[in-house]
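Computed from the coordinates by the stated procedures, all read-outs in this text should not be read as laboratory data. Everything numeric in this text was worked out from a predicted model, so none of it was measured. Cβ sites come from the backbone with ideal geometry, for glycine too, and all protein chains shown count toward neighbours.
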């Protein structure tokens, strides 16, 4: 990878972490749930059980 690609990748990952953390915060305020796919099955997870990601 070139230096430019590495910088772009780091920025994209940081942006994804920020947006994921905001989603978690919002769902926790609403006492809501998130749905994920695990091994081809839909899984419901309460937002209070999810930890934030460190960028």
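Remark: spin-label model distance residue 46-residue 2 equals 5.0 nm, labels positioned 7 Å along the Cα→Cβ axis. Its Cα gyration tensor gives the chain an equivalent ellipsoid; the semi-axes, largest first and in whole Å, are 28, 15, 7.
Helix 3-29 and the long axis of the chain differ in direction by around 20°, with both axes built from C-alpha atoms. Per residue, the chain reaches -17500 deg cm²/dmol at 222 nm when only DSSP H runs of four or more residues are counted, each adding -39500 (n - 2.57).
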